[in-house]
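Everything below concerns the one structure shown next.
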Amino acid sequence: MKLTKFEALLAFLLVICMVGMIWMYDNIQDQNRKIAELIMPEEMEINIPIDSMATCEAISLADSIMLYLIECKVQHPDIAFAQIMLETGWLKSKLYQRGNNLFGMKYPKKRPTTATSIVYGHAGYTSWKVSIHDYMLWQSYFARNLTKDEYFDVLSKRYAIDPDYVDKVKLVMRNKGG
């Protein structure tokens, strides 16, 4: 089968476009890796006293999340944990289960993100840990080095749509001893 000049040119342009798209995808992934490296904490050891009766029990997902918030040095991890429980319906929401989105975050338009997809109109992540990294990026842009009261103020004005959001987060914190 012989191609006309137009078909050959079209095929050539298609190959060029595909190579360009692959190059762009690799660069975006590389950028996301670099962002993740910037916000990932240095390796650190956490010494957690474990009572001898509990050594055979697996740590729960909620406990793993809280430990990771602390390990990553997320600001106000108690508030962030309460947000996670509220946003995911105690880790049962479809958004969390399908998109690993712990915070109900939308895909950001102006700041860097670790999100790789859109799920149910929200950001989708490759893992729940990557969702926490994105929350850390959000904190670094909008809520850096704040007291708890200042942080709650930012949550009510910049983060949540629900006017009762902060009260709900505080209720979760009280019920979980946060």
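The values are calculated or read from the model by the stated rules, or taken from the named source; none is laboratory data. All figures in this text were calculated on a predicted structure; none of them were measured in a lab. In this analysis, Cβ positions are derived from the backbone assuming ideal geometry, glycine residues included, and neighbour counts consider all displayed protein chains.
Miscellaneous remarks
- Members of the stretch 143-164 found to be closer than 25 Å to Leu91 by Cβ and in contact (Cβ under 8 Å) with a residue 24 or more places away in the chain, listed by number: Ala143, Lys148, Tyr151, Phe152, Leu155
- Flag if Ser117 is more than 22 Å from Cys72 (Cα to Cα), at pLDDT 95 or above and small (Gly, Ala, Ser): yes
- Arg98 vs. criteria of a type outside the set (Val, Ile, Thr), over 16 Å from Val172 (Cβ atoms) and at pLDDT below 95: no
- Residue check, Lys106 touching a residue at least 12 places away in the same chain (Cβ under 8 Å) and not in a loop (DSSP other than H, G, I, E, B): no
- Arg33 being more than 11 Å from the chain's Cα centre (by Cα) and modelled with pLDDT of 95 or more: no
- Residues that are among the aromatic types (Phe, Trp, Tyr), over 22 Å from Lys176 (Cα atoms) and surrounded by 17 or more Cβ atoms within 10 Å (Cβ to Cβ), drawn from the stretch 78-136: Tyr125
- Answer residue from the stretch 98-132, given it is of a type in the set (Val, Ile, Thr) and in contact with a Ser or Thr (Cβ under 8 Å, 6 or more places away or on another chain) and is nearest to Gln83 (Cα to Cα) among those: Val130
- Every condition in (1) of a type in the set (A, V, I, L, M); (2) out of contact with any strand residue (DSSP E or B) (no Cβ under 9 Å at 6 or more places or on another chain); (3) modelled with pLDDT of 95 or more is met by Ala123 except one, and the failing one is (2).
- Pairs with Cβ under 6 Å, 6+ apart, first in the stretch 53-81 and closer than 26 Å to Leu146 by Cβ and in the same structural domain as Val130 (by TED's automatic domain parsing), second buried (at least 18 other Cβ atoms within 10 Å of the Cβ) and at pLDDT below 90: none
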